[in-house]
1. Out of all the residues in the range 243-266, which are within 18 Å of His192 (Cβ to Cβ), open to solvent by less than 30 Å² (accessible area, probe 1.4 Å) and of a type outside the set (S, T, N, Q)?
2. Any residue at all in the range 178-201 that is among the charged types (D, E, K, R), at pLDDT 95 or above and open to solvent by less than 20 Å² (accessible area, probe 1.4 Å)?
3. With respect to Asp299, is the statement that it is among the acidic types (Asp, Glu), within 22 Å of Glu211 (Cα to Cα) and touching a strand residue (DSSP E or B) at 6+ places or on another chain (Cβ under 8 Å) true?
4. (1) farther than 22 Å from Gly128 by Cβ; (2) surrounded by 18 or more Cβ atoms within 10 Å (Cβ to Cβ); (3) out of contact with any strand residue (DSSP E or B) (no Cβ under 6 Å at 6 or more places or on another chain): which one isn't true of Glu211, the others all being true?
5. Among the residues of the range 60-95, which ones are at pLDDT below 85, open to solvent by 50 Å² or more (accessible area, probe 1.4 Å) and either touching a strand residue (DSSP E or B) at 6+ places or on another chain (Cβ under 9 Å) or over 24 Å from Gly147 (Cα atoms) (or both)?
6. Taking the range 282-298, which residues are within 33 Å of the chain's Cα centre (by Cα) and farther than 14 Å from Phe199 by Cα?
7. List the helices (runs of 4 or more DSSP H) inside the range 1-104, counting only whole elements, that have at least 2 residues being in contact with a Ser or Thr (Cβ under 8 Å, 6 or more places away or on another chain) and not polar (S, T, N, Q).
8. Anything in the range 105-119 that is surrounded by fewer than 18 Cβ atoms within 10 Å (Cβ to Cβ) and not in a loop (DSSP other than H, G, I, E, B)? List them, or say none.
Amino acid sequence: VQAQPAFHVLLAVGLVWIYNLQFSGSKRRLIQFAARTVAIGLLILLLLANLRAISNYHTQPAYAKAPPWQLYHDFVARKSAPGDVMLTNFPEASVSYYSPDNLPFYVIPTERGHDRESLEAQTEQVAGAYRRIWFLPLLREGFDPDGDVLNWLDRHADRVDQIFFPVYNLNLYLSPPAIEELMIPQPTDFAHGIHLRGFQVLDKRGQSRFEQTDPATGLPLLALQPEDKFTLSLYWQAGGPTPEPATVFVHLLAADGFNRTGQDNPPVWGSYPTTEWQPGERITDKFTLTLPPGTPPGDHRLQVGWYNSKTQARIPRLNPAADHILLDAIIRVEP
């Protein structure tokens with residue numbers, strides 16, 4: 001790219017030199033005409049080659065030298081809403097060039113050499129100022145090689161969607177302030193300082209899927225059918241690192257206590273063990289459950305708890321004593 005202007009000037013000088021060549025002799029006019037014809041022909045050939053290159057750029061993805069950034073940003077432009085922001089972790093000029101005009105655009109970091117604490121602080125500042133974050137992760141050497149920006153968002157924001165494109169993926173997060181707004185509170189204490197703040201079931205736009213309330217209990221209600229899936233977000237607060245790693249379990253229980261389906265995971269898809277949690281840190285944890293085929297109609301509750309990853313022993317819930325909590329929501333399976 002840097003050599004392109006000099007290359008064009010060199011071509012222009014060469015064509016002009018051929019065109020202006022002077023000859024002597026009886027056939028000088030014929031030779032001069034031929035030289036000028038060659039110069040004009042080369043110019044036409046050069047223009048045709050460039051037109052073909054431009055056509056390939058716009059119509060043939062195989063000829064593109066860079067990923068199709070416009071696909072990402074066209075998608076964001078269609079799906080964005082007021083309060084959104086676009087974020088990437090590599091200062092790629094073409095990314096910002098194609099970014100939607102109506103969206104704020106941030107790069108963290110803008111230069112090499114930032115430590116983890118600095119990257120996390122910058123990410124927290126941006127995430128705290130908006131409702132949703134469109135994040136394009138580009139792991140490049142020297143800028144964010146360990147994915148610290150991505151890790152912070154996965155742990156402290158709420159990833160509600162992940163869209164896969166030909167080269168990179170695009171993540172949509174609900175910001176920490178938006179989490180506080182939408183969270184269904186259910187404060188519960190477990191041993192080792194683990195505190196459940198609340199929960200939510202969100203769609204891919206970051207909106208709550210609890211659109212109804214059960215008249216009998218007053219609890220939020222989510223109506224589903226067999227083979228439907230939903231993703232539960234659990235919002236924790238750490239008292240500090242635990243002595244040993246712990247695993248979260250989520251069970252979908254029928255009225256008779258039968259476990260329809262469930263999922264066990266160390267926190268944040270296994271990427272953030274409780275032995276590394278920091279005092280006062282707020283963490284988002286997500287679980288996707290699918291109703292089995294043929295699930296009979298009826299109301300279900302979500303059971304949540306912890307166990308020691310090494311010994312499998314349940315971690316007790318405090319006040320009142322138990323080994324789990326039933327979330328204040330109803331999952332209703334309809335015919």
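1. Within the range 243-266, the first condition is being within 18 Å of His192 (Cβ to Cβ), and the residues that meet it are 243-249, 264-266.
Filter once more, keeping what is open to solvent by less than 30 Å² (accessible area, probe 1.4 Å): 246-249.
Answer for the range 243-266, where residues must be within 18 Å of His192 (Cβ to Cβ), open to solvent by less than 30 Å² (accessible area, probe 1.4 Å) and of a type outside the set (S, T, N, Q): Ala246, Val248, Phe249.
2. First, pick out the residues of the range 178-201 that are among the charged types (D, E, K, R): 180-181, 189, 197.
Retained after the next criterion (residues that are at pLDDT 95 or above): 180-181, 189, 197.
Then keep just the ones that are open to solvent by less than 20 Å² (accessible area, probe 1.4 Å); that gives none.
Checking the range 178-201: not a single residue is among the charged types (D, E, K, R), at pLDDT 95 or above and open to solvent by less than 20 Å² (accessible area, probe 1.4 Å).
3. On the way: among the acidic types (Asp, Glu): yes; within 22 Å of Glu211 (Cα to Cα): yes; touching a strand residue (DSSP E or B) at 6+ places or on another chain (Cβ under 8 Å): yes.
Criteria met by Asp299.
4. Result: Glu211 fails condition (2) only.
5. Across the range 60-95, the qualifying residues are Gln60, Pro61, Ala62, Tyr63, Lys65, Glu92.
6. Leu289, Thr290, Leu291, Pro292, Pro293, Thr295 - these are the residues of the range 282-298 that are within 33 Å of the chain's Cα centre (by Cα) and farther than 14 Å from Phe199 by Cα.
7. Working: elements: 4-19, 28-59, 69-79, 93-98.
Filter on the range 1-104 gives 69-79.
8. Within the range 105-119, Phe105, Arg116, Glu117, Ser118 meet the criteria.
The values are calculated or read from the model by the stated rules, or taken from the named source; none is laboratory data. Everything quoted here is computed from the prediction, not taken from an experiment. Here Cβ is always computed from backbone atoms with ideal geometry, including for glycine, and neighbour counts include all displayed protein chains. Surface areas here come from the heavy atoms of the whole protein model, side chains and all, with no ligands, DNA or RNA. Shrake-Rupley method; radii C 1.70, N 1.55, O 1.52, S 1.80 Å.
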